[in-house]
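Structure first, commentary second.
Only the coordinates and a few stated rules stand behind these numbers; no lab work does. Please read all numbers here as calculations on a predicted model, not as lab measurements. Cβ: placed from backbone, ideal geometry, glycine included. Neighbour counts: every protein chain shown.
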Amino acid sequence: MSIYRRVLRYYRPFLWQTIFGLCLSFLGIGLNLLKPWPFKIIVDDFLRAGPTIRPDWRMWVLLLCLALIGIQFLWGIINWITNYLFVKIGLQALLKLRTDLYSYLQSLSLKYHDARRSSDSSFRVAYDSQSIQTIYNKGFTNIFGSVITLIGTFIIMLRLDWQLTLVSLAIVPLVVGAIYLFAHGWCTRSGARSLKCGNFSSKPARVCKPICG
């Protein structure tokens, strides 16, 4: 957990921007869960065969279709603003981390750099440092949105049919087990790939160093 506390230090200056983005995420999730509601009214109240049909059903269907378009439009705008804000925060934290890393590398002695492969440190600063943005943009924000969406969907399903909701939860252990099983393999492969990329990027510099003197 110490690494996450160190990452949190870079995002602490953007606390209020993050809170504002999370509020927008709440609003976007609510609109996303609201999308089926107008269509449900159209199907249940106007398309279902029944003894009585409202004389103004065409107007109501048109209004509900416009409501569908309006909800989708508002959700798209809020989702775009939220993504822009979170990506901007992630890039600012990444810039600060890279600045700190380059400052620290420049403070090290030449003996340290001579003992390391050429360009290996630059590769790690340029590419491995992107993990701090990945943790925020594809880790924290995605998990937050998915969890809130799942909870909202679960509450709505309970209100509609609690028995069907309990049956649908039977696949949760299988999903969690599959995520745990495949995540470990992907982490191992990702680390090996980063090491290979670092070795590959250092080869041109080792070849050119004797030529350049």
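Structure notes:
- Extension gain, Arg98 to Arg6: 0.36 nm times the residue separation minus the Cα-Cα distance gives 31.7 nm.
- Using 0.36 nm per residue and subtracting the Cα-Cα separation, the extra length available between Tyr180 and Thr165 on full extension is 3.0 nm.
- Across segment 6-109, the relative contact order, built from alpha-carbon pairs under 8 Å that are at least six residues apart, equals 46 percent.
- Cα pair distances of segment 1-157 binned at 5 Å [whole percent]: 1, 8, 13, 13, 12, 10, 9, 7, 6, 5, 5, 4, 3, 2, 1, 1, 0, 0
- With bins 5 Å wide beginning at 0, the percent of Cα pairs of segment 1-45 falling in each bin runs 5, 18, 13, 13, 12, 10, 9, 6, 6, 5, 3, 0.
- Per-peptide packing, taken as the mean over residues of other Cβ atoms within 10 Å, places 56-67, 87-98, 137-148 in the sequence 87-98, 137-148, 56-67 from highest down.
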